1. Restricting to region 11-34, name every residue that is under 12 Å from the mean Cα position of the chain (by Cα), touching a residue at least 60 places away in the same chain (Cβ under 8 Å) and either over 20 Å from LYS110 (Cβ atoms) or in a loop (DSSP other than H, G, I, E, B) (or both).
2. Quick check on my filter: what residues within region 75-95 are touching a Phe, Trp or Tyr at 6+ places or on another chain (Cβ under 6 Å) and either assigned to a loop (DSSP other than H, G, I, E, B) or over 25 Å from GLY34 (Cα atoms) (or both)?
3. Checking VAL72 against (1) surrounded by fewer than 17 Cβ atoms within 10 Å (Cβ to Cβ); (2) assigned to a loop (DSSP other than H, G, I, E, B); (3) of a type in the set (A, V, I, L, M): exactly one of these is not met. Which one?
4. From the list GLN61, GLN92, exactly one residue is crowded, with 16+ Cβ neighbours inside 10 Å and either modelled with pLDDT under 95 or more than 30 Å from ARG10 (Cα to Cα) (or both). Which is it?
5. Quick one: in region 15-41, which of the residues that are of a type in the set (S, T, N, Q) and closer than 24 Å to ILE123 by Cβ is surrounded by the most Cβ atoms within 10 Å (Cβ to Cβ)?
6. Within region 48-69, how many residues turn out to be acidic (Asp, Glu) and part of a helix (DSSP H, G or I)?
7. If we scan region 96-107, do we find a residue that is assigned to a loop (DSSP other than H, G, I, E, B), basic (Lys, Arg), out of contact with any strand residue (DSSP E or B) (no Cβ under 6 Å at 6 or more places or on another chain) and without any contact (Cβ under 8 Å) to a residue 24 or more places away in the chain?
8. Can you confirm whether ILE138 is surrounded by fewer than 13 Cβ atoms within 10 Å (Cβ to Cβ) and assigned to a helix (DSSP H, G or I)?
Amino acid sequence: MQMFACQYSREVAGMVLVDSTHPEQAKRLAAALGPTFTSEASQGFPVEGITYSDVLAMQAQVDAVRANFPQVPLIVLVRSRFTSSAHWTTAQLMQTWVSLQTDLSRRSSKGKLFIAHNSGHFIQNDRPDLVIASINEIILET
């Protein structure tokens, strides 16, 4: 979605990002959580035919065009539940993830960040009411 918005900004009237990936996500999470983060993250792949290397390549592509991010109404929804590991605390992961999501919300001068209370990564499943309300808010702003 971010890549589309950057490449076709005239086609985008507003956006809702739901606990979205960040172009610098892998690098910043590894820096904050330690080298085991990368090995643990890569063990979760392939997912739907996508490898961890594919994810890193996609993040680099989005990062290359981020200067073209459209100045449209933007809502970034971020989860409130995080899971610790043997190598990092829940607080460490949460602090870094919220920082990444805050950065995304600042890509547009019309951006807002909302914490999806009582939600994990799949906010659309845990809090569909919040996703729907966010979409409606964007519609009203455009």
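The values are calculated or read from the model by the stated rules, or taken from the named source; none is laboratory data. Remember, it's a predicted structure, so these values are computed and weren't measured experimentally. Neighbour counts are summed over all protein chains in view; Cβ atoms, including those assigned to glycine, are modelled from backbone coordinates with ideal geometry.
1. ASP19, SER20, HIS22, GLU24, GLN25
2. Answer for region 75-95, where residues must be touching a Phe, Trp or Tyr at 6+ places or on another chain (Cβ under 6 Å) and either assigned to a loop (DSSP other than H, G, I, E, B) or over 25 Å from GLY34 (Cα atoms) (or both): just LEU77.
3. (1)
4. Only one candidate qualifies: GLN92.
5. The qualifying residue surrounded by the most Cβ atoms within 10 Å (Cβ to Cβ) is GLN25.
6. 2
7. Checking region 96-107: at least one residue is assigned to a loop (DSSP other than H, G, I, E, B), basic (Lys, Arg), out of contact with any strand residue (DSSP E or B) (no Cβ under 6 Å at 6 or more places or on another chain) and without any contact (Cβ under 8 Å) to a residue 24 or more places away in the chain.
8. The answer is no for ILE138.
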